[in-house]
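Here the structure is laid out as structure tokens; the discussion comes afterwards.
The values are calculated or read from the model by the stated rules, or taken from the named source; none is laboratory data. Keep in mind the model is a prediction, meaning the values are calculated, not measured. With ideal geometry, Cβ positions are generated from the backbone for all residues, glycine too; neighbour counts draw on all protein chains shown.
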Amino acid sequence: MAQWIYLNGEFVEKDKALVSVYDHGFLYGDGIFEGIRVYNGNIFKCKEHLDRLYDSAKSIMLDIPLSFGDMQNVLVESIRKNELRDGYIRLVVSRGPGDLGLDPRRSPKANVIIIVEQLAIYPEEAYLNGLKTVSVSTRRNIPDALNPKIKSLNYLNNILVKIQANLAGVGEAIMLNSQGYVAEGSSDNIFIVKRGVVYTPPCYVGALEGITRAAIIEICQKVGYPVKEEPFTLHDVYVADEVFFTGTAAEVIAVREVDARIIGSGAAGPITTHLLKEFRSVVEIDGVKVYE
Ligand code: PMP
């Protein structure tokens, strides 16, 4: 079956979904994006993802040529058009074509692109046994240079982390901020558990305000795990009872080893396992329905 890409108001086939080489998203990483999951016809946390998209746009003074409501409608249409029930949405808004200069005023019209696809996720075994991970030397962008809260197309910082993860033979790695506090992974937020308390770095340390992160904080509050947004160091990660990453693609994935230190029992711990179960119980409910 053909894969339909939404491109500036039209659905076009994958091979014909092309943008200009003068697009400033391509030339300069000037733009923003979202990654969203669809679970059994439910666009999970659709509003929260769109809120983050419009906030990122406001921060970089990018005009999205669609209202919030229209954007939600085209997400729904994109899933329907591709006849998917489960998948991943990549929503990109670039500054659009301009000239070779930096000046965004020369790019009067943003490009809006929606790609929906099946998602290759970690095997179920990884959720039980946990991932091996390492810390890397690449530091998180400092918030007063490029705020990690902006989900921009400038992902070089994260790509450098991914390269180090690849070299170490792991799927995800831990990035510190410039002061040595744990920030996040290349494309996931990080949590640790110590003596029944769940910790995650506050976003000012240098982390994206992950939608999954927020969902997990909410679940902790609901099921009664104390949860704290507090800066912590690699030492705290090494001696944690449990460590896990959260992200749209990864969901809630346990970590069994960090820099050759075995975490807890060396497999997904009880709180991580419980949080994953609670998370999966809401993914088909909390969001916008595509087929009703
Ligand atoms: N941090 C970064 C840098 C990311 O790219 C992502 C993926 N969007 C996350 C964290 C996790 O965020 P979310 O739960 O919204 O997918």
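Taking the numbered list (1) free of Cβ contacts under 8 Å to residues at least 60 places away in the same chain; (2) within 12 Å of the ligand (Cβ to nearest atom); (3) under 19 Å from residue 49 (Cα atoms) in turn, residue 245 passes all entries but (1).
Beta carbons closer than 6 Å, at least 6 apart along the sequence or on distinct chains, pair a first residue in segment 254-268 that is surrounded by 13 or more Cβ atoms within 10 Å (Cβ to Cβ) with a second that is among the acidic types (Asp, Glu) and at pLDDT 95 or above for 264/241; 264/242. Counted as qualifying within segment 211-292 are the strands (runs of 3 or more DSSP E) with 3 or more residues that are within 26 Å of residue 35 (Cα to Cα) and touching a Ser or Thr at 6+ places or on another chain (Cβ under 6 Å), namely 242-247, 251-258.
Say we look at segment 229-249 and pick out the residues that are of a type in the set (Ser, Thr, Tyr) and in contact with a Lys or Arg (Cβ under 7 Å, 6 or more places away or on another chain); which of these is farthest from residue 215 (Cα to Cα)? Per the stated criteria, the residue is 238. Contact annotation: residue pairs with Cβ atoms under 7 Å, 6 or more positions apart or on different chains, pairing a residue in segment 144-155 that is touching a residue at least 12 places away in the same chain (Cβ under 8 Å) with a partner that is of a type in the set (Asp, Glu) and away from the ligand (no atom under 11 Å from the Cβ), are 153/30. Taken together, 182, 193, 223 contain a single residue that is modelled with pLDDT of 95 or more, buried (at least 23 other Cβ atoms within 10 Å of the Cβ) and more than 13 Å from the ligand (Cβ to nearest atom), which is 193. Within segment 117-163, the set of residues being in a strand (DSSP E or B) and away from the ligand (no atom under 16 Å from the Cβ) comprises 132, 134, 137. Cβ separations smaller than 9 Å between residues 6+ apart or across chains give the following pairs from segment 2-21 residues that are under 17 Å from residue 89 (Cβ atoms) and in contact (Cβ under 8 Å) with a residue 60 or more places away in the chain to residues that are among the charged types (D, E, K, R) and part of a loop (DSSP other than H, G, I, E, B): 8/109. Scan segment 72-93 for residues that are touching a Gly at 6+ places or on another chain (Cβ under 8 Å), more than 20 Å from residue 121 (Cβ to Cβ) and either surrounded by fewer than 22 Cβ atoms within 10 Å (Cβ to Cβ) or not β-branched (Val, Ile, Thr) (or both) and the total you get is 1. Among the residues of segment 1-10, write down those that are closer than 18 Å to residue 96 by Cα and assigned to a strand (DSSP E or B). 5, 6, 7, 10, listed by residue number. Is it the case that some residue within segment 26-46 is among the hydrophobic types (A, V, I, L, M, F, W, C), assigned to a helix (DSSP H, G or I) and touching a strand residue (DSSP E or B) at 6+ places or on another chain (Cβ under 7 Å)? Yes, some residue in segment 26-46 is among the hydrophobic types (A, V, I, L, M, F, W, C), assigned to a helix (DSSP H, G or I) and touching a strand residue (DSSP E or B) at 6+ places or on another chain (Cβ under 7 Å).
The set of residues from segment 12-25 being surrounded by fewer than 17 Cβ atoms within 10 Å (Cβ to Cβ) and in a strand (DSSP E or B) comprises 12, 13.
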